[in-house]
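Everything below concerns the one structure shown next.
The values are calculated or read from the model by the stated rules, or taken from the named source; none is laboratory data. The model shown is predicted, which means the values in this text are computed figures rather than measured ones. As a convention, Cβ positions derive from the backbone with ideal geometry for all residues, glycine included, and neighbour counts pool all protein chains shown.
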């Protein structure tokens with residue numbers, strides 16, 4: 001690539017004096033990088049030149065183009081930012097300094113023990129920098145895109161790490177900024193390295209049908225053009241091919257529905273560009289008059305734009321009564337904003353014309369700074385960004401007609417906390433479209449949400465932090481609830497945490513003495529700190545089951561031989577491949593610490609290590625070390641629940657089990673004189689995590705007073 005190509009592209013929208021700045025920056029960078037090469041073998045100046053060209057294609061301002069050309073000069077050439085400021089002014093030097101600081105962020109390998117915390121801290125720095133100076137991130141995205149285009153020069157492990165980071169961080173950023181051109185290229189390139197076989201397969205399938213598709217589209221375009229001309233609408237119509245990553249996502253969704261590639265109808269969408277908003281709606285009427293629209297496939301993003309500013313009309317019709325077809329209609333100005341996103345708005349800041357909607361559309365960026373101050377740690381910030389910013393949004397209304405955007409799956413409680421923290425704390429109910437709904441109702445586009453508040457200082461419920469009950473989707477709202485509980489008395493939190501932990505330990509069949517071990521597992525120095533964290537919601541009971549399931553087993557003393565083949569459900573160490581049976585007295589599950597007992601006629605019986613029969617076994621030489629191998633089977637387990645009798649209680653319990661997908665083996669119940677009952681269930685489950693989730697839901701049923709895990713024969717010694 002040559003400088004002439006960059007200048008030619010920049011001249012399409014920049015005045016001559018700005019072109020001179022870009023040329024001056026190139027000359028300075030070329031001299032500074034003289035003699036340096038990249039791992040591809042290319043002269044180093046090729047990288048900043050390509051970065052600037054990417055930004056010129058989305059028509060970024062001259063300062064940003066100059067900074068893109070200079071962005072590696074301080075780091076690679078040792079030239080101070082102060083010299084860049086002297087030659088190019090404070091605006092350019094500020095951008096170069098911002099990109100240089102972001103360039104020092106290193107992303108850890110996935111197996112690094114500090115990886116998650118470091119990644120969270122780095123993402124925090126990047127997003128806060130983005131909120132403070134948006135063009136810095138435009139440059140960083142362009143820099144990453146060219147690095148992805150030359151990724152083949154790096155070792156395999158670095159290719160995978162950088163591609164994963166691109167898919168999880170940079171592509172969603174481009175999407176949130178509305179820069180479609182960068183988004184789809186980043187997504188396709190990351191998929192190419194993460195799942196090369198899938199990428200190549202999709203590319204071949206698309207290529208094989210190109211001629212057939214192009215002929216089909218040409219026929220449709222002619223029909224629409226003639227009809228639009230007849231009603232006086234001038235339009236530009238083209239076929240927009242879906243990019244590979246988009247098709248990859250559709251294939252995954254279709255596979256879940258039992259469909260295949262042949263069923264994907266919108267591999268290519270028709271794009272209709274017109275002159276005005278009224279022409280958009282008139283063109284929509286023409287398309288719908290030609291072919292029957294498909295129910296539920298119409299979206300009006302003109303009346304309700306997406307969070308990243310995108311506008312347009314989307315519909316799907318049944319062409320000729322046989323073939324579904326996607327059609328997108330928007331004005332030419334809307335199309336320009338779709339291609340360039342917020343980068344297009346940013347250009348107005350340099351000139352006399354100001355985009356009055358710009359500040360409104362980057363409000364979520366400004367909010368990042370507020371969340372940065374509020375959230376207690378880097379990992380909380382990372383979780384907030386991934387759940388509150390990087391996933392699909394729903395658009396709902398206040399009773400006064402104000403639009404609020406929240407992540408898909410958000411609830412009225414999330415909405416309340418988005419309005420104001422105190423509105424969330426005092427929420428006692430909600431109406432959606434005038435009707436009362438549960439607080440864990442999942443909101444849909446267009447819902448009108450009305451929050452009912454208590455008059456006094458009510459405070460949030462601890463149940464809102466229970467992941468099984470789905471009251472809160474956004475990390476921002478969850479953190480507000482945790483902060484409220486952290487402000488309560490420490491002693492109260494400890495007592496509450498002790499009650500919650502004891503209940504969960506009964507669920508999992510753990511002994512009270514194991515509290516210290518659990519505290520160490522969560523890296524707490526003492527049990528009281530651990531209990532307080534549970535009390536205010538910093539550690540959930542669900543996390544305890546997950547953490548236990550992930551722990552390697554503590555093995556009993558035994559002669560260790562190579563483990564059984566990997567396909568074995570249980571590996572017995574030191575004994576070869578013996579027949580194994582799960583003990584009925586304690587019914588171990590994956591995640592439990594287990595040990596084998598060698599019988600005289602039935603191979604090895606596998607018990608939990610804390611089983612009464614194992615603890616009291618006199619012939620210790622018959623105990624052998626055992627561990628879980630493949631754990632995708634189902635395992636029998638028994639639970640006991642104490643409850644007050646009422647109509648519909650058994651139905652409510654079995655409904656939860658059905659929703660969880662467990663197979664119920666038997667149900668027994670005993671009635672007591674005080675109108676209480678004891679329920680005894682046996683069923684099959686996958687592991688401790690599923691058991692914890694299921695028991696948490698059962699514990700929340702009205703009338704249930706306690707639920708815990710039991711064995712069938714808790715006092716029976718293992719038989720030989």
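Looking across segment 133-191, the residues that are outside any helix (DSSP H, G or I) and closer than 23 Å to residue 56 by Cα come down to 133, 150, 177, 178, 179.
What number of residues in segment 9-56 are more than 25 Å from residue 78 (Cα to Cα), free of Cβ contacts under 8 Å to residues at least 12 places away in the same chain and loosely packed, with under 12 Cβ neighbours inside 10 Å? Looking only at that region, the number is 3. Identification of strands (runs of 3 or more DSSP E) wholly contained in segment 362-444 with 3 or more residues that are at negative phi and modelled with pLDDT of 90 or more yields 427-432, 435-437. When we screen 250, 259, 229 for residues that are assigned by TED's automatic domain parsing to the domain that holds residue 326, assigned to a helix (DSSP H, G or I) and either modelled with pLDDT under 80 or surrounded by 12 or more Cβ atoms within 10 Å (Cβ to Cβ) (or both), the only hit is 250.
Tallying residues that are within 30 Å of the chain's Cα centre (by Cα) and either closer than 15 Å to residue 270 by Cβ or modelled with pLDDT of 85 or more (or both) within segment 304-333 yields 12.
Restricting to segment 659-695, name every residue that is surrounded by fewer than 13 Cβ atoms within 10 Å (Cβ to Cβ), at pLDDT 80 or above and not in a strand (DSSP E or B). The answer is 672, 673, 674, 675. Scanning segment 183-198 for residues that are under 17 Å from residue 251 (Cβ atoms) and either modelled with pLDDT under 90 or surrounded by fewer than 18 Cβ atoms within 10 Å (Cβ to Cβ) (or both) yields 184, 194, 195, 196, 197, 198. Just checking, does segment 500-508 include any residue being more than 29 Å from the chain's Cα centre (by Cα), in a loop (DSSP other than H, G, I, E, B) and buried (at least 20 other Cβ atoms within 10 Å of the Cβ)? Within segment 500-508 (the criterion being more than 29 Å from the chain's Cα centre (by Cα), in a loop (DSSP other than H, G, I, E, B) and buried (at least 20 other Cβ atoms within 10 Å of the Cβ)), the answer is no, since none of the residues qualifies.
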